[in-house]
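One structure is given here, and the rest of the page talks about it.
Every number in this text was worked out from the coordinates using simple rules, so none of it is lab data. Since the model is a prediction, treat every value here as computed from it, not as a measurement. Cβ placement follows ideal geometry from the backbone for every residue including glycine, while neighbour counts extend to all protein chains displayed.
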Amino acid sequence: MSDFRTLCVHAGELKDEQYGGATSPIYTSTSYPFTNVKIGQYPRYFNTPNQRGLSNKIASLEGAEAGMIFGSGMAAISTAMLSHLKAGDHVIFQNDLYGGTRNLIKHEFPKYGIEFSFTSGLNAEDFAAEIRKNTQGIYIETPSNPTLKIVDLKEISLIAKKAGIWSMIDNTFASPVNQNPIGFGIDIVIHSATKYLGGHSDICAGAVVGSQSSIDKVFSSAKNFGGSLSDYTVWLLERSIKTLFIRVQAQNNNAQQLAEYLHKQDWISQVYYPGLFNHPDHKIAKTQMKGFGGMLSFDLEPNIDCEKFLLGLNLIKPTMSLAGIESTALSPRLTSHALLSEEERQAQGITDQMVRFSCGIEAIDDIKFDILQSIKKQFHAN
Ligand SMILES: *Cc1c(COP(=O)(O)O)cnc(C)c1O
């Protein structure tokens, strides 16, 4: 069993020994016989049968030795980082980061005496330039949110290896269907499972995968931080991942078609999608991504009101989250990146007219129609 599609369905599944049913049974117990003196079986120790099964499933999808699942993407991110850092250490972050991650760094790290820098750009030299004596690691996110910039995985892993430090990636936007960073030498891969892994906008969870030794390190802090995921949700997430490949494949196709369509419209000034031949990082994306993902962004021409455009959509939901089987859209300036200053947004290339779009699995013609009818409403109103 090694084909990705088969792993999505079967990896990590638990056998129903009692009744022979087709799906993994759910074990909700918080109390197990005390057989191992070192570490008993307990949900907060991340080792219940369902937790282990799902961790193995996600690890196998990323080609990793081991994995852990968490109560949210941020629990996964904070635990992965803090388990690998202590007071006096320094970490390098790419400048465009998920808003929650940026808040974690800016608000929590100073309290613990952890130093950090954000890179000035996304080229390998920009990362190498930030290395200091006390630098412990590099943390990246590619494609980035919401401008879909690409960071070269191989170059980052080489820089990290040369400096003897770790590399971590938030692989949420790509999903394991489109990008497996471990094969490019990245040490630790993190997912907000709330997004593509869950895929139906009804689960909040996170995952961290890597070598056994790095996961052991994450675990040693995780049991103290306590960010474990309930077995009910574990079970639902395992069920969701069975369709991960076909969902993301459909989202890739829709996003590519939508990007090409929008690129030709005169009410759009720019489309950001790594699958477009004119995307500045298209070449790098092609070398490290199997598909270009279901996320894209676009800038509306200045004569179109961004907020009205979002409110004028009928089928597409103007909501915060992303990666569900239903298409959603938002304005980064008004929502996901509202906490950033004007300058910070500018530095990341986030414009006031930008719409971030998460492609669902609806018919592409229905998605295009909905966007167009909302645009037309504004011209009629004017
Ligand atoms: C949503 C998201 C997160 C945070 O995940 P939660 O499950 O909301 O905690 C982290 N990184 C990226 C790229 C995300 O989209």
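A few notes on this one:
- Residue check, T172 outside any helix (DSSP H, G or I) and within 12 Å of the ligand (Cβ to nearest atom): yes
- Note on the range 5-122: enclosed helices (runs of 4 or more DSSP H) holding 1 or more residues that are crowded, with 18+ Cβ neighbours inside 10 Å, touching a Leu at 6+ places or on another chain (Cβ under 8 Å) and charged (D, E, K, R) are 49-61, 99-108.
Quick grid of which residues meet (1) under 16 Å from the mean Cα position of the chain (by Cα); (2) surrounded by fewer than 24 Cβ atoms within 10 Å (Cβ to Cβ); (3) over 11 Å from G67 (Cβ atoms):
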{"position": "T172", "(1), (2), (3)": "yes, no, yes"}
{"position": "A207", "(1), (2), (3)": "yes, no, no"}
{"position": "S211", "(1), (2), (3)": "no, yes, no"}
{"position": "K217", "(1), (2), (3)": "no, yes, yes"}
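- Boolean, R52 is without any contact (Cβ under 8 Å) to a residue 60 or more places away in the chain and on the phi < 0 side of the Ramachandran plot: yes
- Residue check for S331: closer than 23 Å to A250 by Cα, surrounded by 21 or more Cβ atoms within 10 Å (Cβ to Cβ) and polar (S, T, N, Q): no
- Matching residues, the range 175-185, being in contact with a strand residue (DSSP E or B) (Cβ under 8 Å, 6 or more places away or on another chain) and either in a helix (DSSP H, G or I) or within 15 Å of the ligand (Cβ to nearest atom) (or both): S175, P176, P181, I182
- Within the range 44-98, considering residues that are in contact with a helix residue (DSSP H, G or I) (Cβ under 7 Å, 6 or more places away or on another chain) and of a type in the set (D, E, K, R), the one nearest to the ligand (Cβ to nearest atom): E62
- Scanning the range 282-299 for residues that are touching a residue at least 60 places away in the same chain (Cβ under 8 Å) and under 21 Å from P332 (Cα atoms) yields F292, G293, G294, M295, L296, S297.
- The set of residues in the range 56-109 that are acidic (D, E) and more than 22 Å from S228 (Cβ to Cβ) comprises D89, D96.
- Subset of the range 181-194 that is touching a residue at least 60 places away in the same chain (Cβ under 8 Å) and over 15 Å from A66 (Cβ atoms) - its residue that is surrounded by the fewest Cβ atoms within 10 Å (Cβ to Cβ): G183
- Selection of first residues in the range 14-39 that are under 20 Å from S230 (Cβ atoms) and of second residues that are among the charged types (D, E, K, R) and not in a loop (DSSP other than H, G, I, E, B), restricted to Cβ pairs under 7 Å at least 6 apart or on distinct chains, gives the following pairs, ordered by first then second residue: S24/E238; I26/D231; Y27/D231; T28/D231.
- Flag if G324 is within 25 Å of R247 (Cβ to Cβ) and touching a residue at least 12 places away in the same chain (Cβ under 8 Å): yes
- Sole residue being closer than 16 Å to Q348 by Cα and out of contact with any strand residue (DSSP E or B) (no Cβ under 7 Å at 6 or more places or on another chain), chosen from I140, I150: I150
- The residue pairs whose first member lies in the range 354-368 and is closer than 18 Å to S269 by Cβ, whose second member is in a loop (DSSP other than H, G, I, E, B) and of a type in the set (G, A, S), and whose beta carbons are closer than 8 Å, counting only pairs six or more residues apart or on different chains, are M354/S331; V355/S331; R356/S331; R356/S336; F357/S327.
- Restricted to strands (runs of 3 or more DSSP E) entirely inside the range 265-355, those with at least 2 residues that are touching a strand residue (DSSP E or B) at 6+ places or on another chain (Cβ under 6 Å) and within 16 Å of the ligand (Cβ to nearest atom) are 295-300, 328-330.
- Count of the range 356-382 residues which are of a type in the set (A, V, I, L, M, F, W, C), outside any helix (DSSP H, G or I) and more than 30 Å from N123 (Cβ to Cβ): 2
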